[in-house]
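In what follows, a single structure is set out as structure tokens and then discussed.
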Amino acid sequence: MKKINWGIIGLGAVANKFADGFKYVNNAVIKGIASKDINKLNSFKSKFNIEEKFCYNNYIDLISDHEIDIIYIALPNTLHVPYIIKCIEGNKNILVEKPAISNLEDLYKVKSLILDRKIFFTEGFMYRYLPYVKKIKQLIENNTLGLMLNMESFFYVRVYKVKNFFGLKFKKPDFTHRLFNKQLGGGSILDLGCYPLSFSTFLNSINNPNNIENIELRNIETILCESGVDIFSSVEINFNNRFKSKIYCSFKDKMCQRTRIYFEKGFISINESWTPLKEMEILIEIDNVKKLIKFDNYENIYSHQIENISNQLLKVNTSPIFPSISLDEIELNTKILSKWLNNNYI
């Protein structure tokens, strides 16, 4: 069968996890890679068996390669926009790591170019492609639990650690890492908070597709660390008083990926919302009756995303369809994200 040829720009930890997902799909291959770090380039080449002629030490050469169908941009957040534009100019389809863009000025510039060139462009929220998301969408569309009321969601990953030294506690994060570097788009909001934010707008859109005019941000709480990036933040998103979402993100608290969605007749609970294991389950309560629904994911959760997007490209889609995230969704999420980052109430 025909396969989609992928190119990867930026060969860090996330790119490695993503690339490992190609093992479990049969409609796509990693054709080319690019990195300015020769050690990363050689390591990636060896690990994933990439031909030498498709290994580039600059990004533009990979973008210019006519055998590449789609570019996955896995660079730090602040480097996304320049290479999104380069890919558009090279007529390359694009998957860009989340958050794709963090300010509206860049978003509108990119959106205009994409619509003009009819480029397939979407954002790398891999959880959207997992089977449980499709099931929740069906439950809401079918009105199984009645009217959706509100959601509470957490994404905590402890990377800002407190260590003990002769009985004294001191904080010792690695401030050289991109997560704590403001110039590279660090902070818990951009790295973690964008997940429950995107899920909030997605859920709201299922039964309320036009409910985006009167969105309010309330009760923003943010804690900054020594480098000036946020290590904790929470916000309440009010969708026109019809649906409310309270979301939390943190670098300082122990791992938590819990989400609960409340309805008139009950709730849906997800304990591993964003990076679940191969086997996962969600708990549904309807009229006080509880039921567990089990799902079997691929060994690598990125495989669902790779397979689905490759299928869309094989069908010559120029606009992403669910579960891929659309330009309009990205625009709404960027609007909310930029306000949250700046502690502005909409």
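The values are calculated or read from the model by the stated rules, or taken from the named source; none is laboratory data. The shown structure was predicted, so the numbers you read here are calculated from the model rather than taken from an experiment. Glycine also receives a Cβ, built like all others from the backbone with ideal geometry; neighbour counts cover every protein chain displayed. Heads up: the accessible areas ignore ligands, DNA and RNA and are worked out on the full protein's heavy atoms, side chains in. Shrake-Rupley method; radii C 1.70, N 1.55, O 1.52, S 1.80 Å.
Quick look at the values:
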read-out: Enumeration of residues in the range 209-240 that are among the polar types (S, T, N, Q), modelled with pLDDT under 95 and open to solvent by less than 20 Å² (accessible area, probe 1.4 Å); value: Asn211
read-out: Hey, Ser310 part of a helix (DSSP H, G or I) and in contact with a strand residue (DSSP E or B) (Cβ under 7 Å, 6 or more places away or on another chain) or not; value: yes
read-out: Looking only at the range 127-143, and only at residues there that are more than 15 Å from Asn204 (Cβ to Cβ) and open to solvent by less than 10 Å² (accessible area, probe 1.4 Å), the one that is nearest to the chain's Cα centre (by Cα); value: Tyr127
read-out: Residue match in the range 19-33 (condition: within 28 Å of Leu190 (Cβ to Cβ) and of a type in the set (Ser, Thr, Tyr)); value: no
read-out: Residue check for Ile321: of a type in the set (A, V, I, L, M, F, W, C), under 17 Å from the mean Cα position of the chain (by Cα), crowded, with 16+ Cβ neighbours inside 10 Å and more than 19 Å from Leu145 (Cα to Cα); value: no
read-out: Where a residue in the range 40-61 is over 14 Å from Leu75 (Cβ atoms) and of a type in the set (Lys, Arg) and its partner, wherever it lies, is modelled with pLDDT of 95 or more and open to solvent by less than 90 Å² (accessible area, probe 1.4 Å), with Cβ under 8 Å and at least six apart; value: Lys45/Ile33; Lys45/Cys55; Lys47/Asn16; Lys47/Ala19
read-out: Subset of the range 98-113 that is closer than 25 Å to Ala19 by Cβ and touching an Asp or Glu at 6+ places or on another chain (Cβ under 8 Å) - its residue that is most open to solvent (accessible area, probe 1.4 Å); value: Lys98
read-out: Restricting the range 163-206 to residues that are open to solvent by 10 Å² or more (accessible area, probe 1.4 Å), at pLDDT 75 or above and among the aliphatic types (A, V, I, L, M), the residue that is farthest from Ser227 (Cα to Cα); value: Ile206
read-out: All positions within the range 241-261 that are over 20 Å from the mean Cα position of the chain (by Cα), within 16 Å of Ser200 (Cα to Cα) and buried (at least 17 other Cβ atoms within 10 Å of the Cβ); value: Phe243, Lys244
read-out: Residue match in the range 112-120 (condition: free of Cβ contacts under 8 Å to residues at least 60 places away in the same chain, of a type in the set (Asp, Glu) and touching a helix residue (DSSP H, G or I) at 6+ places or on another chain (Cβ under 7 Å)); value: no
read-out: Candidates Asp116, Asp69, Asp61 - the one that is modelled with pLDDT under 95 and either more than 20 Å from the chain's Cα centre (by Cα) or crowded, with 18+ Cβ neighbours inside 10 Å (or both); value: Asp116
